[in-house]
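Asks: Below is a structure I'd like to ask you about.
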Amino acid sequence: MLLSADAPSSSPDPSWSPSSWRARTEAHAITYDDPGELERVLARLSTLPPLVTSWEIERLKSQLAEAQQGKRFLLQGGDCAEMLDDCEGSAITRKIKILLQMSLVLLQASGKPVIRVGRLAGQYAKPRSNPVETRGEVSLPSYFGDLINGAEFDAASRRPDPERLLRGYAHSAMTLNFVRSLSAAGFADLHHPEYWDLGFFDRADLTPEVRADYQRVTSEVSRAMRFMEALGEDSVEKLSRVEFFTSHEGLSLNYEEALTRQVPRRQSRYALSCHLPWIGERTRALDGAHVELFRGVGNPIGVKVGPSADPAEVVELVGRLNPMNLPGKTILVSRVGARRVKEVLPRLVEAVKRAGKRVLWVCDPMHGNTVSAKSGLKTRNFEDILAEVEACFDVHEDLGTVLGGVHFELTGEDVTECTGRGVDESLLDKRYASRCDPRLNYAQAMEMAFAVGRRMAKGRAANGA
Ligand code: PEP
Ligand code: CO
């Protein structure tokens with residue numbers, strides 16, 4: 001065995017292997033009609049280069065460990081379901097840009113470095129409550145995301161097609177390649193305020209107040225940077241460099257297994273499809289296949305936790321995913337709905353705290369607040385989304401724990417999917433582009449960043465920071 005200077009990132013457990021999930025029940029499993037074709041694709045996929053490296057993953061993990069202590073803040077966001085057709089330069093730039101701008105607002109309000117994680121470059125698989133969709137007399141497999149099948153309602157499109165696993169990989173790689181080039185070229189560098197400027201795109205959709213607030217934030221940040229530079233702080237260079245990490249729901253275990261690799265000179269295996277995979281609310285069964293695969297990798301792992309979660313079960317889940325109780329390793333993403341936060345969240349947080357488990361608590365204020373509009377379109381209201389974030393801050397402050405991040409479904413486009421702040425129900429069908437859940441549009445996302453920032457600044461003032 002190779003001796004390594006690296007501390008283990010997960011516990012070496014002889015009962016685990018990248019394929020040990022195959023003996024477990026896999027919720028939301030996909031049935032492929034040609035197992036031979038699936039095998040051929042997976043064999044090819046497992047020879048293709050990793051999409052991310054263990055060094056990046058370890059770096060993210062150490063930043064998440066700091067977020068756990070309240071020293072950093074996680075901003076995770078992007079589409080509910082990415083589409084392969086959206087892998088296009090300007091669309092990717094807009095996704096990066098909205099995350100950058102929101103992170104700047106949060107940084108300025110909270111005084112904490114922000115960790116940016118996109119639901120990006122691989123968020124192509126979706127769990128569905130019903131595996132079959134029926135329209136009139138016709139029943140077909142539901143649309144499980146572009147990694148699995150096509151959205152069009154015809155038999156050929158809806159057939160789960162193994163080739164799509166390769167296409168998903170390729171589109172993740174192309175997206176990531178462009179994101180990395182943008183970062184390397186200084187797109188996201190704080191020394192290039194022209195890119196941070198709202199005027200870079202014509203954003204007529206923003207209110208004058210948001211525009212003015214944002215201009216104040218950019219000039220304050222630029223002033224602070226110049227001041228530190230004048231003092232000769234060598235950390236400025238580091239501070240101004242902006243990193244992006246990628247995340248997606250680790251739903252397709254065939255795909256994740258093929259990209260789970262042993263890394264030279266490290267003791268753990270890593271899921272190298274993205275930096276931060278998460279397990280969804282529907283697939284987090286303790287003895288299920290998803291928990292089995294992800295318990296064995298060195299990545300930080302997110303788990304969505306809904307209103308019906310049992311505190312003892314959540315504690316056990318954390319123990320299974322992180323038996324060595326390593327910092328920065330486990331992220332619990334609560335998504336219980338604005339009205340239920342104060343009833344449900346305290347008992348979960350208390351149980352985890354009592355058990356001495358190290359986790360990063362994050363609020364997803366989207367998935368517990370989905371409603372149907374009169375037209376039948378799925379929507380979410382801005383005020384409910386904000387109320388859930390604020391209630392999460394309240395609960396953690398009351399319990400002396402840390403809310404270390406937020407997780408949004410959002411887009412840099414001017415869509416009409418969530419109501420509030422300029423979009424009422426009657427406007428929803430104007431530009432409803434999501435194939436899955438409704439996202440905050442560009443202006444709503446910016447307003448949300450300011451509102452969350454104000455709440456964080458309030459907490460900061462109360463703590464005398
Ligand atoms: C999602 O994040 O798009 C999702 C399906 O979330 P959850 O598992 O929390 O329902
Ligand atoms: Co969603």
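Asks: Working only within the stretch 137-149, note down all residues that are part of a loop (DSSP other than H, G, I, E, B) and over 19 Å from Asp437 (Cβ atoms).
Replies: Matches in the stretch 137-149: Glu137 only.
Asks: Still on this structure, please answer the following. Is there a residue being modelled with pLDDT of 95 or more, crowded, with 22+ Cβ neighbours inside 10 Å and polar (S, T, N, Q) anywhere in the stretch 417-431?
Replies: Yes, the stretch 417-431 contains at least one residue that is modelled with pLDDT of 95 or more, crowded, with 22+ Cβ neighbours inside 10 Å and polar (S, T, N, Q).
Asks: Condition first: surrounded by fewer than 24 Cβ atoms within 10 Å (Cβ to Cβ), of a type in the set (S, T, N, Q) and in contact with a Lys or Arg (Cβ under 8 Å, 6 or more places away or on another chain). Can you find one or more residues in the stretch 391-405 that meet it?
Replies: yes
Asks: If you don't mind, another one. Within the set of pairs 6+ apart or on separate chains, which have a first residue in the stretch 61-89 that is over 30 Å from Thr416 (Cα atoms) and at pLDDT 95 or above, a second that is away from ligand 2 (no atom under 16 Å from the Cβ) and aromatic (Phe, Trp, Tyr), and C-beta atoms under 9 Å apart?
Replies: That search, which allows pairs on different chains as well, returns Gln63/Phe245; Ala67/Phe73; Gln68/Trp361.
Asks: Could you check the stretch 368-402 and list, in sequence order, the residues that are within 17 Å of Phe450 (Cα to Cα) and not in a helix (DSSP H, G or I)?
Replies: Within the stretch 368-402, Asn381 is the sole residue that qualifies.
Asks: Further question: Quick one: count up the residues across the stretch 435-462 that are free of Cβ contacts under 8 Å to residues at least 40 places away in the same chain and charged (D, E, K, R).
Replies: 1
Asks: Might you check whether a residue that is within 16 Å of ligand 1 (Cβ to nearest atom) and more than 19 Å from Val415 (Cα to Cα) occurs anywhere in the stretch 104-117?
Replies: yes
Asks: Identify, please: which residue in the stretch 361-377 is aliphatic (A, V, I, L, M) and touching a Pro at 6+ places or on another chain (Cβ under 9 Å) and is, among those, nearest to ligand 2 (Cβ to nearest atom)?
Replies: In this case the residue turns out to be Met366.
Asks: Kindly indicate the residue of the stretch 54-99 that is more than 16 Å from ligand 1 (Cβ to nearest atom) and assigned to a loop (DSSP other than H, G, I, E, B) and also nearest to the chain's Cα centre (by Cα) among those meeting that condition.
Replies: The extreme case among them is Arg72.
Asks: Tally up the residues in the stretch 403-428 that are more than 24 Å from Trp361 (Cβ to Cβ) and within 16 Å of ligand 2 (Cβ to nearest atom), please.
Replies: 3
Asks: Separate question: Which of (1) surrounded by 21 or more Cβ atoms within 10 Å (Cβ to Cβ); (2) within 14 Å of ligand 1 (Cβ to nearest atom); (3) free of Cβ contacts under 8 Å to residues at least 40 places away in the same chain does Ser308 not meet, given it meets every other one?
Replies: Ser308 satisfies every listed condition except (1).
Asks: Then there's this: Quick check: is even one residue across the stretch 132-150 touching a strand residue (DSSP E or B) at 6+ places or on another chain (Cβ under 7 Å) and free of Cβ contacts under 8 Å to residues at least 12 places away in the same chain?
Replies: Looking for residues that are touching a strand residue (DSSP E or B) at 6+ places or on another chain (Cβ under 7 Å) and free of Cβ contacts under 8 Å to residues at least 12 places away in the same chain, one finds at least one in the stretch 132-150, hence yes.
Asks: Could you say which residue among Arg431, Arg358, Arg380 is basic (Lys, Arg), touching a Gly at 6+ places or on another chain (Cβ under 9 Å) and away from ligand 2 (no atom under 16 Å from the Cβ)?
Replies: Criteria check complete, one pass: Arg358.
Asks: Check Leu140, Leu147, Leu99, Leu107 and return the single one that is at pLDDT 95 or above, more than 16 Å from ligand 2 (Cβ to nearest atom) and hydrophobic (A, V, I, L, M, F, W, C).
Replies: Going through Leu140, Leu147, Leu99, Leu107 in turn, the sole match is Leu140.
Asks: When the residues of the stretch 338-355 are narrowed to those that are out of contact with any Gly (no Cβ under 8 Å at 6 or more places or on another chain) and aliphatic (A, V, I, L, M), which ends up surrounded by the fewest Cβ atoms within 10 Å (Cβ to Cβ)?
Replies: Looking at residues that are out of contact with any Gly (no Cβ under 8 Å at 6 or more places or on another chain) and aliphatic (A, V, I, L, M), I get Ala351.
The values are calculated or read from the model by the stated rules, or taken from the named source; none is laboratory data. Everything numeric in this text was worked out from a predicted model, so none of it was measured. Heads up, the Cβs are rebuilt from the backbone with ideal geometry, glycines too, and the neighbour counts pull from every protein chain shown.
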